[in-house]
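Read the figures in this text as sums done on the coordinates, not as results from a lab. Note that the coordinates shown come from a computational prediction; the quantities given were computed from them, not determined experimentally. So basically every Cβ, Gly included, is an ideal-geometry build from the backbone, and we count neighbours across all protein chains shown.
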Amino acid sequence: MKPLVCIYCEGNDTKLAVVSQEKNGEKVKVIRTAAVSVSATSTDIEADATGFQLEEDSLQLEGLEGEPTSLQPKVDDSAIGEIKKALTGLNLNNYSFIPVLTEPSIYYHLYEGSRSAKSQKLKEAIINEILETKNVSVDKDGIDFTELSDKSLLSVFIVGEVACINMINAVAHQNGKRFYKIPTVKSSDISLSYYVAKKKKFFPDDHSLIVYIGKEYSKLIFLHGRKLKHIGTTLDIGTSNLHTYDVYFSKILLEMENGGIPSLDNIIVCGEDDSENLILSFYGTFPEANVSRLEFDDLELSDIDEETRENFSSFSIPIAVAIDYYDEQNQVHQGINLLPKSVREEQKFFQFSWHSYAVLPLLFLVAFWVTQKSLTNTNEINKLDDQIKEKTALMKQNQQVLAQIAQLEDKISGFDQTQAILDSATVGTGVWYQVLQDIASFTSKKKSIWLTKLTRSDPQTVLAEGYSLSRYALTDFAYSVESATLNSMFYEALRDRSAYKFNLTFNISTYPKDK
């Protein structure tokens, strides 16, 4: 699966986590984390007068039942540069970006009306109820819902542009890209509740509270068993402006009353502050509750430094969103998706406007003509391929015939040479026959002479060696052989007889003799 860059936009504080998971069942690996301070240079506000009230230069947003407010700060280039720097060294084309939103960028609406079995019709019913009760028009691609523990539906929707998506696009533009792939938009509260329920595995009757403490804002999320029960109003207190923990306890009791929660069995603390003092304070106020930190032992954290691991709870929400998304891809559960239609269209490979649709018939005609031309050319190519195969087979046959002809030519050209060799051998055979006949004729008459060696020292000269009991017989032997020369004759004792060893040469070219 593709690695993810989860970006959580919470006021002026933006947190991002880069994670990956090779395949289902493996630990999610945290590659990189970063926290960026985002300062807004200007703000565009479009809302009904009842949607907010401005007091002492601060914007106070109402809860779930208030009117939606479009609050889209324009992020300065320095913040975009910090995010770009935090992602330096990553091939972002291979990553998917997930914007993570919280109030006031997203809004909640509790739906208890009739339900249709079809998801689209149910969405239309929720959209109509939001229009009637809040006078807000919601696009069907910008809304989704989840079932609460009491079987009612909590719908989540966005209105207008999303600053977090604009931030991702700005980073893409600085890197020379038109956009980065955004497969989904997530709610921080719903994803965090899913991750905590998956990690802790509460009992079905347990009432649990998730306390997320940010730098400027805090969230109270209630669970019944392992399902979401109630999302409290965003608290405008955090580590940057918190002086005492007692303020949390009054807010918790108020939200418990609003959500119909009688008691708390579990309290899970995460975010910027999960210190012992905070946990002890919760123990003091809720002695019957099991208070604990959110642990991350299911993650691979070897790529991040020790300081980041110690304060890793501050990245709880982007990590929870990554787990939520990967479980969706692995079909473990079904989450929500608030990706606007405009972003879907922008990320399409082909983008059509009204005049593009007018050209579609022409495109079909061109495609039909190209197809016909392609089929015709394909038939011609097939015919030519068949001809090539036939010519290739004929060429192979011709090559075989040529090879046979070459063999016959070699045999014919070698015939003359063979004939000459045979003629030479025949002549030589006649010469030697006559030489041996002369020698045999003499030695048959003279029983006192015999040959021990007969060699050819050169092509014309023959050397004969042997013994004789009579030196006169040697002289006669030399005369009997044509052009013979008696080179040497030595006396040697041969057992009890006297013998003469001789050396005789003659020219074989004088043979055959004329008879």
Query raised in the report: In terms of Cα to Cα distance under 12 Å, which aspartates and glutamates are near enough to Lys446, apart from those fewer than 8 places away along the same chain?
Result: Asp476
Query - Long-range amide H partners of Asn290 with built H, under 5 Å - result: Asn266, Ile267
Query raised in the report: Direction-averaged shadow area of the convex hull around the Cα atoms of segment 4-351, nm²?
Result: 18.1
Query raised in the report: Can you run phi through the Karplus equation (6.51, -1.76, 1.60; θ = phi - 60°) for segment 326-335 and list ³J(HN,Hα) in whole Hz, with x for Gly and Pro?
Result: 5, 5, 4, 5, 8, 6, 7, 7, 10, x
**Report entry** Pairwise FRET efficiency - Asn135 versus Ser292, Cβ, R0 = 45 Å, nearest 0.05
**Finding:** 0.55
**Report entry** Burial ranking of peptide ranges 471-479, 400-408 (average Cβ count within 10 Å, highest at the top)
**Finding:** 471-479, 400-408
Requested in this report: From zero up to wherever the largest Cα-Cα distance of segment 434-510 sits, split into 5 Å bins and tell me the percent of pairs in each.
Outcome: 3, 16, 30, 27, 15, 7, 2, 1
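From the C-alpha gyration tensor of segment 165-298, pull out the three semi-axes of the equivalent ellipsoid (sqrt of 5λ each), sorted largest to smallest, in whole Å.
Working: eigenvalues 187, 65, 39 Å².
Over the Cα atoms of segment 165-298, the semi-axes work out to 31, 18, 14 Å.
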Report task. Figure the gain on full extension for Lys198 and Arg471 (residue separation times 0.36 nm, minus the Cα-Cα span) and round it to one decimal in nm. Result -> 85.4 nm
Query raised in the report: So which cysteines in the chain don't have a second cysteine's C-beta under 4.7 Å from them?
Result: Cys6, Cys270
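Could you list, in their original order, any pairs among Lys27/Lys134; Lys181/Lys227; Lys23/Lys251; Lys121/Lys199; Lys85/Lys215 whose Cα atoms are separated by more than 32 Å?
On the way: Lys27/Lys134 43 Å; Lys181/Lys227 30 Å; Lys23/Lys251 42 Å; Lys121/Lys199 34 Å; Lys85/Lys215 22 Å.
Where the Cα-Cα span goes over 32 Å, the pairs concerned are Lys27/Lys134; Lys23/Lys251; Lys121/Lys199.
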**Report entry** Efficiency of FRET from Cβ geometry, Ala393 and Lys445, R₀ 51 Å, rounded to 0.05
**Finding:** 0.10
Report task. Between beta-carbons, use under 14 Å as the cut-off and find the net charge around Lys227, counting Lys and Arg +1, Asp and Glu -1. Result -> +1
Query - Positive minus negative residues near Ile279 (Lys, Arg vs Asp, Glu; Cβ under 14 Å) - result: -3
Requested in this report: Report ³J(HN,Hα) in whole Hz for each residue of segment 291-298, in order, from the Karplus equation J = 6.51 cos²θ - 1.76 cosθ + 1.60 where θ = phi - 60°; Gly and Pro get x.
Outcome: 9, 8, 8, 7, 8, 10, 6, 8
Query raised in the report: Label points 7 Å out from Cα along the Cβ direction at Phe490 and Gln404: separation in nm?
Result: 6.7
